[in-house]
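J.: Okay, here's the structure, questions in a sec.
Nothing in this text is a laboratory measurement; each read-out follows from the coordinates by a stated rule. Keep in mind that this is a model prediction, so the values were computed, not measured.
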Amino acid sequence: MGMKVLGTGVMGIFLGVALLGARPAQADAACPLEFKKLKQCASIEWISQPSTEREGAFTIRFWSKASGKPAPRYEDPKGTLVARLFMPTMGHGSSPTRIVPHETGVFDVQKLRFMMPGHWDLHIELKKASVVLDEVVLGFDL
Ligand SMILES: [Cu+2]
């Protein structure tokens, strides 16, 4: 009987690990947004929430995936940060956003214009010249 209980416990641990592995990157508190190719993580803190009424803005902070946690040190993204909105159902984007660097690894992204209701994808890209080295895409339904 004791063996059987132990067996169930081990199975439970394996199941738990499998579920963790299947989680989307956004659910992982240690790496809310994962740039898999560049092995960097980022978090977003909204200053002005996505809305069709006014421009959106957020602060984004980057850190190394290997470090496992953001504090105490952020690091610059391994590419030029670009944020752009795209409405996939209608095949159009929005006006350019503005990136304001603050300190190492910390930027404000401003002038996010969700100019009409519907589904918007926010592409957060790390680029070298015109090449997108890595990106994370967040969806918003407005
Ligand atoms: Cu549209």
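J.: Would you please give the residues with an amide H less than 5 Å from that of Arg98, counting only those at least 5 places away or on a separate chain, with H modeled from the backbone geometry?
T.: Amide H to amide H, under 5 Å and 5 or more residues apart or across chains, Arg98 pairs with Gln110, Lys111.
J.: Given 0.36 nm per residue, what is the gain on full extension from Ile47 to Phe140 after removing their alpha carbon distance, in nm? Walk me through the intermediate numbers first.
T.: Working: separation 93, 0.36 × 93 = 33.48 nm, distance 1.59 nm.
Extending this stretch completely gives an extra 31.9 nm.
J.: Convert each backbone phi in segment 123-132 into a coupling constant with the Karplus relation 6.51 cos²θ - 1.76 cosθ + 1.60 (shift: θ = phi - 60°), then list the ³J(HN,Hα) values in order as whole Hz, x for Gly and Pro.
T.: 8, 9, 10, 10, 10, 10, 6, 8, 8, 7
J.: Each residue of segment 98-105 in order: what ³J(HN,Hα) in whole Hz does its phi give by Karplus 6.51 cos²θ - 1.76 cosθ + 1.60, θ = phi - 60°, with x for Gly and Pro?
T.: Per residue, the Karplus-derived 3J(HN,Hα) values read 10, 10, 10, x, 10, 8, 3, x Hz.
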